[in-house]
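The values are calculated or read from the model by the stated rules, or taken from the named source; none is laboratory data. Keep in mind it's a predicted model, so treat the numbers as computed, not measured. Every residue, glycine among them, receives a Cβ derived from its backbone with ideal geometry; neighbour counts consider all protein chains shown.
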Amino acid sequence: MTQTNTYDYIIIGAGSAGCMLAKRLTENPNKKVLLIEAGKNDHYIWIHIPVGYLYCIDNPRADWRFKTATEKGLNGRSLLYPRGRVLGGCSSINGMIYMRGQVGDYESWVEATGDDAWSWQKALERYKKFEDYHGGANPWHGKGGEWTVSLQRLRWPIMDRFREAAVEAGIPASDDFNRGDNFGVGYFDVSQRAGFRLNTAKAFLKDAAKRSNLTLITEAMVTKLKIDPTTKNCYGLEFLKEGIAHEALCAIDRGGEVLLCAGSIGSVQILERSGIGAASHLSSLGIPVIADLPGVGENLQDHLQLRMIYKVSGIKTLNTKANSWLGKILIGLEYLFKRSGPMSMAPSQLGAFAYSSPAQKSANVEYHVQPLSLEKFGEGLHSFNAFTASVCNIRPTSRGSVHITSVDPEAPPVIAPNYLSTEEDRTIAAESLRLTRKIVQSPALQPYFPEEYKPGTQYQTEEELVKAAGDIGTTIFHPVGTCKMGRADDPMAVLDSQLRVRGIHHLRVVDASAMPTITSGNTAAPTMMIAERAAELLTSE
């Protein structure tokens, strides 16, 4: 085995958290940092053109190409489960929506961990630190940070009509979904810069890579962590590059740490291959148990979106605009010369947060509305004009799991989100479909004769609507919680409130898997906020 240098910090995964940590930790020139990534560099044109997510997801150039197990709640279907395998991680292939969640999310983290450092107010200061907000600095936003938060560079008449219909249905207009109470309807802010996608490699790693104290290794698969079974010190890792085994060591004698930032799927895989997880599961695979932590891989939470499609007449949507060579050429020219138009758009443009029923204490469903429709991801647009109103329960109570089935690092894990497995989630799914129908029946959309194409008006009863939800539901790519933080008396907590792995020294998990409960919205920005917190902890020690 080839031995590399010894580092103060080893960061595993150059995604939404890892790239930020690389930037923050290399600010001290006396600290040597290794950043190791399984994927390639991000020199792939479709990563940087916003509409290019269509060509990155399920593409081995940028995606791990995971799939879920067949899901009972989805009527026996299995879903694609994209995760970034490239510099920038999921920030290179996601929907570019900038969203923090709501105040209550962070209150629940404080309750789960007993640590006020995760409060909304303290999280807000971290968000402001890395933001470069289009509206300038104000009590809610920061200016001058690395992460550009932009207005979208397009509008669609059908989206404006949906917004008006939502207001008529009782959802107020909003110009900012990041103030802690997201109830409202409006266009999303996006993680773009001058019409290009902004990923964390561009925002954070580009500057860090210029520093002599950062070593970056790509196309390197971490096989396991190096942990002393007696002292429980994590002192490095083993990895494969071009089929050759290597190791990298961590200077734990001077406070060094290994920082696992491989995401809600990848971090579980690495921990379990290293002997950290449920003892019974590890033993069944012949893996020596270093730490019996039954919470590893459990508590998987995700947002399930219910994709309702409505045909419309008398108004253009992307379906027909992009349905001819002339239309495609005009779209391309608009982006080439103006960095605007359909090629600049995030997958979803218009958003709304609403109450699925009056019993809810805060907005509990989120809409992602698109001026297009298709049968399923990866297929072409429909030939008729239509829009899609995807609605998801942003505080699901269903819990799933992810676990390895082999010590082979390339073997895919079993991902079982367990969607719609609780009565509460099934009820909210039915309420969400009814709420969408109420919005679409509002006066603003009636001149365009909206016709429900999916799931179809034949679904009316509670039981029928739950079945419809299972037919049209799909992931919105927000897996979290599989290495959750928690109090010392929580047997399923993998991490303490400072992201340290319980029972193991010099090892932290810094990614979305650390969330005790999912945030009420898109999860990329909260993952960066978690990394900002880890940087605070590491640089203050």
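Evaluated against (1) surrounded by fewer than 24 Cβ atoms within 10 Å (Cβ to Cβ); (2) touching a Cys at 6+ places or on another chain (Cβ under 7 Å), ALA201 falls short on exactly one condition, (1).
Number of residues in the range 177-198 that are of a type in the set (D, E, K, R), in contact (Cβ under 8 Å) with a residue 40 or more places away in the chain and surrounded by fewer than 24 Cβ atoms within 10 Å (Cβ to Cβ): the value is 2. Quick check, is GLY297 touching a Leu at 6+ places or on another chain (Cβ under 7 Å), modelled with pLDDT of 95 or more and on the phi > 0 side of the Ramachandran plot? Spelling it out, it is not the case that GLY297 is touching a Leu at 6+ places or on another chain (Cβ under 7 Å), modelled with pLDDT of 95 or more and on the phi > 0 side of the Ramachandran plot. For the range 359-378, a residue qualifies if it is out of contact with any Ser or Thr (no Cβ under 9 Å at 6 or more places or on another chain) and at negative phi, and the qualifying residues are ALA359, GLN360, LYS361, GLU375. One residue stands out among those in the range 484-541 that are small (Gly, Ala, Ser) and over 15 Å from the mean Cα position of the chain (by Cα): the one that is surrounded by the most Cβ atoms within 10 Å (Cβ to Cβ), which is ALA534.
Within the range 510-525, residues that are farther than 22 Å from TYR367 by Cα have Cβ atoms under 8 Å from residues that are assigned to a helix (DSSP H, G or I) and of a type in the set (S, T, N, Q) in these pairs: ASP511/SER264; ASP511/SER267; ASP511/THR527; SER513/SER264; SER513/SER267; PRO516/SER108; PRO516/THR113, counting only partners at least 6 apart in sequence or on another chain.
Against the list (1) out of contact with any Asp or Glu (no Cβ under 9 Å at 6 or more places or on another chain); (2) at pLDDT below 95; (3) under 29 Å from ALA194 (Cβ atoms), the condition GLU366 fails is (2).
Residues in the range 78-85: is at least one on the phi > 0 side of the Ramachandran plot and without any contact (Cβ under 8 Å) to a residue 12 or more places away in the chain? No, the conditions are met nowhere in the range 78-85.
Of the strands (runs of 3 or more DSSP E) lying entirely inside the range 70-187, the ones with 1 or more residues being within 27 Å of ASP58 (Cβ to Cβ), among the hydrophobic types (A, V, I, L, M, F, W, C) and touching a strand residue (DSSP E or B) at 6+ places or on another chain (Cβ under 6 Å) are found at 147-149. Those residues that are part of a loop (DSSP other than H, G, I, E, B) and crowded, with 24+ Cβ neighbours inside 10 Å, I need them from the range 291-306; list them, please. Correct list: LEU293, VAL296, GLY297, ASN299, ASP302, HIS303.
Filtering the range 321-333 to residues that are surrounded by fewer than 17 Cβ atoms within 10 Å (Cβ to Cβ), part of a helix (DSSP H, G or I) and not aliphatic (A, V, I, L, M) leaves TRP325, GLY327, LYS328, GLY332. Taken together, GLY236, GLY145 contain a single residue that is within 23 Å of the chain's Cα centre (by Cα), modelled with pLDDT of 95 or more and not β-branched (Val, Ile, Thr), which is GLY145. Being assigned to a loop (DSSP other than H, G, I, E, B), within 28 Å of the chain's Cα centre (by Cα), under 30 Å from THR422 (Cα atoms) and not hydrophobic (A, V, I, L, M, F, W, C), is that true of even one residue in the range 280-290? Within the range 280-290 (the criterion being assigned to a loop (DSSP other than H, G, I, E, B), within 28 Å of the chain's Cα centre (by Cα), under 30 Å from THR422 (Cα atoms) and not hydrophobic (A, V, I, L, M, F, W, C)), the answer is no, since none of the residues qualifies.
Is it fair to say GLU379 is among the acidic types (Asp, Glu) and either at pLDDT 95 or above or in a helix (DSSP H, G or I) (or both)? So GLU379 does not fit the description; no. So which residues in the range 307-320 are within 11 Å of HIS382 (Cβ to Cβ) and either modelled with pLDDT under 95 or in a loop (DSSP other than H, G, I, E, B) (or both)? Those that are within 11 Å of HIS382 (Cβ to Cβ) and either modelled with pLDDT under 95 or in a loop (DSSP other than H, G, I, E, B) (or both): THR317, LEU318, ASN319, THR320.
When you check SER174 against the structure, is it surrounded by fewer than 17 Cβ atoms within 10 Å (Cβ to Cβ) and modelled with pLDDT of 95 or more, yes or no? Against the criterion (surrounded by fewer than 17 Cβ atoms within 10 Å (Cβ to Cβ) and modelled with pLDDT of 95 or more), SER174 does not qualify.
Here ILE10 fulfils each of the conditions (1) touching a Leu at 6+ places or on another chain (Cβ under 6 Å); (2) not in a strand (DSSP E or B) apart from (2). What do you reckon, is ARG533 part of a strand (DSSP E or B) and either closer than 28 Å to LYS226 by Cβ or not small (Gly, Ala, Ser) (or both)? Taking the combined requirement at face value, the residue does not satisfy it. Could you please give the count of residues in the range 233-256 that are crowded, with 18+ Cβ neighbours inside 10 Å and more than 17 Å from HIS506 (Cα to Cα)? Qualifying residue count, the range 233-256: 2.
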